[in-house]
Amino acid sequence: MASNQELVGATACAVVDKLNSGEVSPLELLDVLEKRIAEVDGKVNALPTLCFDRARARAKTLMQKPAGGRGLLAGLPIPIKDLTDVEGVLTTQGSPIYRDNIPDHSDFLVEHLEDNGGLVYAKSNTPEFGAGANTFNEVFGATRNPWDTSRSAAGSSGGAAVALATGMAWLAHGSDMGGSLRNPPASAASSACARASVASPTRRISRSTAISGCRARWRAMSRTWRCCSTP
């Protein structure tokens with residue numbers, strides 16, 4: 001298996017290739033992410049809700065299938081924006097109204113991702129009901145800009161963007177009504193294809209690391225989810 005740091009800095013496409021070849025397992029990836037989150041998220045507050053037990057249980061079921069036959073995502077872990085229901089996982093929509101809300105059923109988008117081999121391990125922070133261009137709320141507080149923690153992480157998918165930028169995710173779910181996936185700094189981080197090697201939560205991302213083939217790889221899921229939005 002590649003070292004933790006090599007995996008943290010890999011693109012989503014490269015990690016899926018490793019999953020399909022059997023070079024790395026979904027459980028090993030979850031271990032890498034759990035360690036990375038412990039190191040980084042206290043500084044940026046991007047992933048306030050974790051569900052690693054749920055993710056590992058699903059990973060073990062998925063691993064009963066042969067590598068290469070586990071769906072488009074092949075066991076890739078993914079955080080889900082806290083506006084979207086995940087069965088059995090706290091889903092607040094960033095609002096005190098839903099501070100204790102644990103859905104009985106997952107949103108169709110989550111079901112679709114999981115049916116294609118995605119493993120949900122966290123919920124990413126968002127402004128209340130996704131309204132606003134800055135990611136903060138009364139439930140979890142503010143998500144910090146990883147380039148300068150005194151500044152905004154934009155929104156409403158700020159938690160997703162910061163998780164990608166800091167190596168706490170290879171691919172992250174986001175949503176966009178008014179520019180959430182395009183506002184700076186989210187625009188540099190919201191595409192998994194633009195992920196760069198991240199040694200610390202303050203290292204700048206370079207768009208030159210984009211993987212040209214990534215867009216085609218995920219096109220089959222574009223009806224419900226966009227992973228490679230054009231800058």
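The values are calculated or read from the model by the stated rules, or taken from the named source; none is laboratory data. What you see is a predicted model; the values in this text were computed from it and never measured. Because the Cβ atoms are built from the backbone with ideal geometry, glycine has one as well, and the counts that use them run over all protein chains shown. Heavy atoms of the whole protein, side chains included, go into the accessibility calculation; ligands, DNA and RNA do not. Shrake-Rupley method; radii C 1.70, N 1.55, O 1.52, S 1.80 Å.
Have a look at Arg56, Arg70 and point out the one that is in contact with a helix residue (DSSP H, G or I) (Cβ under 7 Å, 6 or more places away or on another chain), farther than 17 Å from Ser124 by Cβ, of a type in the set (Lys, Arg) and part of a helix (DSSP H, G or I).
Arg56
Could you say which residue among Ala59, Ala38, Ala133 is open to solvent by less than 10 Å² (accessible area, probe 1.4 Å) and hydrophobic (A, V, I, L, M, F, W, C)? Walk me through how you get there before you give the answer.
On the way: Ala38 fails: open to solvent by less than 10 Å² (accessible area, probe 1.4 Å); Ala133 fails: open to solvent by less than 10 Å² (accessible area, probe 1.4 Å).
Selected residue: Ala59, the only one of Ala59, Ala38, Ala133 that is open to solvent by less than 10 Å² (accessible area, probe 1.4 Å) and hydrophobic (A, V, I, L, M, F, W, C).
Got at least one residue in segment 86-108 being at positive phi and in contact with an Asp or Glu (Cβ under 6 Å, 6 or more places away or on another chain)?
Yes, some residue in segment 86-108 is at positive phi and in contact with an Asp or Glu (Cβ under 6 Å, 6 or more places away or on another chain).
Looking at Arg144, Arg151, Arg182, which one is modelled with pLDDT of 50 or more, farther than 21 Å from Cys13 by Cβ, over 18 Å from the mean Cα position of the chain (by Cα) and open to solvent by 20 Å² or more (accessible area, probe 1.4 Å)?
Only one candidate qualifies: Arg151.
With the requirement that a residue be open to solvent by less than 10 Å² (accessible area, probe 1.4 Å) and of a type in the set (Gly, Ala, Ser), what does segment 41-56 give you?
Ala46, Ala55
Let me spell it out: the conditions are (1) surrounded by 19 or more Cβ atoms within 10 Å (Cβ to Cβ); (2) free of Cβ contacts under 8 Å to residues at least 24 places away in the same chain, and Lys65 meets all of them except one. Which number is the exception?
(1)
Go through (1) surrounded by fewer than 24 Cβ atoms within 10 Å (Cβ to Cβ); (2) more than 20 Å from Arg36 (Cα to Cα); (3) out of contact with any strand residue (DSSP E or B) (no Cβ under 6 Å at 6 or more places or on another chain) for Glu128 and report which single condition fails.
It fails just one condition, (3).
Does Leu72 satisfy being modelled with pLDDT of 95 or more, more than 27 Å from Asn145 (Cα to Cα), out of contact with any Cys (no Cβ under 9 Å at 6 or more places or on another chain) and surrounded by fewer than 21 Cβ atoms within 10 Å (Cβ to Cβ)? Walk me through it before giving the result.
Working: modelled with pLDDT of 95 or more: yes; more than 27 Å from Asn145 (Cα to Cα): yes; out of contact with any Cys (no Cβ under 9 Å at 6 or more places or on another chain): yes; surrounded by fewer than 21 Cβ atoms within 10 Å (Cβ to Cβ): yes.
Criteria met by Leu72.
Which ones in segment 8-35 are of a type in the set (A, V, I, L, M), under 18 Å from Val120 (Cα atoms), part of a helix (DSSP H, G or I) and over 15 Å from the mean Cα position of the chain (by Cα)?
Start the filter on segment 8-35 by keeping residues that are of a type in the set (A, V, I, L, M), which leaves 8, 10, 12, 14-16, 19, 24, 27, 29-30, 32-33.
Checking the rest, the ones that are also under 18 Å from Val120 (Cα atoms) come to 8, 12, 15-16, 19, 24, 27, 29-30, 32-33.
Then keep just the ones that are part of a helix (DSSP H, G or I); that gives 8, 12, 15-16, 19, 27, 29-30, 32-33.
Result: Leu19, Leu27.
I need the full set of residues from segment 85-109 which are farther than 12 Å from Leu50 by Cα and buried (at least 23 other Cβ atoms within 10 Å of the Cβ), in order please.
Within segment 85-109, Thr92, Gly94 meet the criteria.
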